[in-house]
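Participant: Sharing a structure below in structure tokens format, with a few things to ask.
Please treat every number below as a calculation from the coordinates, not as lab data. Treat the numbers as computed from the prediction; the structure is a model and nothing was measured. Glycine gets a Cβ as well: all are built from the backbone with ideal geometry, and neighbour counts include every protein chain shown.
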Amino acid sequence: MLSRARTACTRTALSAWTSRRALSQSKRLMSRNDSEAESESKQLEELFAKFRDPTSHYHLPAGTSGPSHEEDHTTSRLPLGLQLPASSSSFSSTNASSSYSSISGTSASSSSSSTAIVESNNSESRDLAYTYFREEGFDLRGVLEWPVAWGDCDMFRHVNNVQYVRWVEHARIRYSESWDDVLPKETLHGLLSGQGMGYILRDVSVRFKAPVTYPDRVIIANKVHSIDQSRARFMMASTIWSLRQRRVVATAESTMVMFDYDSNCRGTMSDEFRIALESRMPKFDLE
């Protein structure tokens, strides 16, 4: 009898202890959940503050947009005033404007006003760029306009110097594509696809005039000069214009040499190619 009583007391005590332990664990779990929720809320508030902070890498300036949706991981989104028409994209600038407004606290009408201002400023800057190109003898055919991507910038928050060389490379190919009016189709195709006789970069130098930051667009124009047929080489000057800054931000000089891609050796410059280059040179360089 006494043994049964002891057993019953032990079970009762164990049950009470188990209940208290379960209750304690439940309270700790609830407390932890509340703490985690509070921590997550604080992190979101800090992130939104970074969107509004001009000194932050996460800053979204007025007139620009962040990701259009949660699966948008691109870094080359354009300012709202520079976006493609809605028909060419699955996400319209209206949605992007709404997304930005919900973060920045600005109204849709305010974003529209900012967009109009950006478009107006870019149009004026573009006119200034082409006027400068014309005055300096750059070829207005084959001009490349290129968006500055957020990923182009380094830890110092401006475009890394290596990116300028890539811009010049993109612009050089675009400029070569515009030679379809002075070179036969077959010759130009081989030139751009590494077949037969073409040209290759020997060296390039870049002179930096001002840092470029995101968001922006750059316009790159080129001109051919210093053609040396006997040494099968020519020079190509490039200038990089910032729409946002309304000025030249860098210039480049590239030495191009003829190259036989089929034989993988230095090539020769034909009269046909020399004449084509001369036809695209500034008139005062030919005098």
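Participant: Compute the Kirkwood hydrodynamic radius of the range 159-267, taking the inverse of the mean of 1/r over all pairs of distinct Cα atoms, and give it in Å to one decimal. Working shown, then result.
Facilitator: Working: mean 1/r = 0.0668 Å⁻¹.
Its Kirkwood hydrodynamic radius stands at 15.0 Å.
Participant: Next up: Using the basic label-point model (7 angstrom from Cα toward the beta carbon), what is the residue 255 to residue 201 distance in nanometres?
Facilitator: Label-label distance for residue 255 and residue 201, simple model: 1.5 nm.
Participant: Can you give the Kirkwood hydrodynamic radius for the range 227-287, in Å, rounded to one decimal and based on Cα pairs? All intermediate terms of the calculation are to be shown ahead of the outcome.
Facilitator: Values: mean 1/r = 0.0731 Å⁻¹.
Its Kirkwood hydrodynamic radius stands at 13.7 Å.
Participant: At a Cα cut-off below 25 Å, give the lysines reachable from residue 42, other chains included and same-chain residues fewer than 8 away excluded.
Facilitator: 27, 50
Participant: For a Förster distance of 22 Å, can you work out the FRET efficiency between the beta-carbons of residue 161 and residue 128, rounded to the nearest 0.05? Present the calculation step by step, with values, prior to reporting the outcome.
Facilitator: Details: r = 25 Å, r/R0 = 1.12.
Rounded to the nearest 0.05, the efficiency is 0.35.
Participant: May I ask you to compute the full-extension gain from residue 136 to residue 44, defined as 0.36 nm times their residue separation minus their alpha-carbon distance, rounded to one decimal in nm? Kindly include the intermediate steps, with their values, before the conclusion.
Facilitator: Working: separation 92, 0.36 × 92 = 33.12 nm, distance 5.05 nm.
Stretched fully, the residue 136-residue 44 segment lengthens by 28.1 nm.
Participant: At a Förster radius of 35 Å, what calculated FRET efficiency corresponds to the Cβ-Cβ distance of residue 265 and residue 154, to the nearest 0.05? Display every interim value, and only then the final one.
Facilitator: Details: r = 38 Å, r/R0 = 1.08.
Working from the Cβ atoms, E equals 0.40.
Participant: With θ set to phi - 60° and the Karplus curve 6.51 cos²θ - 1.76 cosθ + 1.60, what are the ³J(HN,Hα) couplings of the range 236-243 in order, to the nearest whole Hz, using x for Gly and Pro?
Facilitator: Couplings: 9, 9, 10, 10, 10, 10, 9, 5 Hz.
Participant: Which of the lysines could a cross-linker bridge to residue 223, judged by Cα under 25 Å and excluding same-chain residues fewer than eight apart?
Facilitator: List returned: 185, 209, 283.
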